[in-house]
Amino acid sequence: MLVADVAPSDNANSVHFHKRLARRNAVRVAPGTPAENWENEERADIEYRIIEGRYLEDLRANISPMVISQIDSEEQFVDWFESLADWGPGQDHPLFDWLANQADLSQMKWFLTQEIAGEAGFDDLLAYSQVKLPTQAKLECARNYWDEMGRGKAGAMHGPLLAGMINELGLQPSLEETVWESLALGNIMLGMATNRRYAYHSLGALGVIELTAPQRAAKVVAGMQRLGLSTTAFAYFKLHAVIDIIHSKNWIREIIRPLIRENLEYAQYIAEGALMRLHSGKLCFDRYASELHLDFSTNATH
């Protein structure tokens, strides 16, 4: 029984846990049809939800020392949230300078394959997260979602842009070949977005992605251009290096500010969600560096 499980405490358990949860999540969110065994499926889903919840609660406890200790005003919180781009976990990670300046083609492809395999789909996360939000926040989610949808043009949709990169580079992402830290990112984001008790956590996590992704995306683009890859290959990252700067400003103005103006208590949950995402991202970047045999502690590679 899954409810007898505990949150992963070592690498072997983490691999097993996140691969199993990723498989279940893929089934859970996929469109389906009525089946005779639907009651058994619902019971199994409850088991997964419980172990997923335990993992998210453990993660909340893990990042709690980094959460702003006292939130007295909207301005104070926004200043703190924006400062995450400077000091938050994983920021200015040397992996991205290395990708921009040193990675060879096979190393770049490995990195991209890992990133794709752990991708939860920002558009779907937005759609789940906006349910029953107040009007102003819901409208900004809708504007952001419309951008994800290419403003109604199939060729500009972010999903197909990512698929274009996969096809152009011949990447073959698979769950079995993906490090558990990358799978964890997708599991965490989906867990927050689909469980309404983590609605504000999800908004914090999505908002901090918009805040921090542009710098990393720009360095990935620089590396792909250096390697002579086509515009089709790096179009997805090039778009996010620019548009997410705008999205971040709008997210803070239209979602975070109004929500904490309504209830200052929401700020803690937004902060937790942001740090859960950043902390998990740092673990992912560190694992990538390890798999690529990079040693940034001595500014050397081997």
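Throughout, read-outs are computed from the coordinates displayed, never taken from laboratory work. Please read these numbers as outputs of a predicted model, since none were measured by experiment. Cβ: placed from backbone, ideal geometry, glycine included. Neighbour counts: every protein chain shown.
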The condition of being surrounded by fewer than 22 Cβ atoms within 10 Å (Cβ to Cβ), under 22 Å from V220 (Cβ atoms) and of a type in the set (S, T, Y) holds, among S174, S182, only for S174
When D244 is run through (1) crowded, with 16+ Cβ neighbours inside 10 Å; (2) within 19 Å of A163 (Cα to Cα); (3) free of Cβ contacts under 8 Å to residues at least 60 places away in the same chain, the failure sits at (2)
Check on A154, surrounded by fewer than 17 Cβ atoms within 10 Å (Cβ to Cβ) and in contact with a Cys (Cβ under 9 Å, 6 or more places away or on another chain) = no
Positions within region 174-225 being within 16 Å of R23 (Cβ to Cβ) and over 17 Å from the mean Cα position of the chain (by Cα), in sequence order | S174, E176, E177
Which residues, counting only those in region 129-144, are crowded, with 17+ Cβ neighbours inside 10 Å and not charged (D, E, K, R)?
-> S129, Q130, L133, A137, C141, N144
Could you list all residues from region 154-201 that are in contact (Cβ under 8 Å) with a residue 24 or more places away in the chain, among the aliphatic types (A, V, I, L, M), part of a helix (DSSP H, G or I) and touching a helix residue (DSSP H, G or I) at 6+ places or on another chain (Cβ under 6 Å)?
-> L161, L162, M165, L169, L183, A184, L185, I188, M189, L190, M192, A193
In region 106-122, anything without any contact (Cβ under 8 Å) to a residue 40 or more places away in the chain and surrounded by fewer than 17 Cβ atoms within 10 Å (Cβ to Cβ) is listed as S106
Do we have any residue at all in region 250-262 that's out of contact with any Leu (no Cβ under 9 Å at 6 or more places or on another chain), among the β-branched types (V, I, T) and either buried (at least 19 other Cβ atoms within 10 Å of the Cβ) or not in a helix (DSSP H, G or I) (or both)?
-> yes
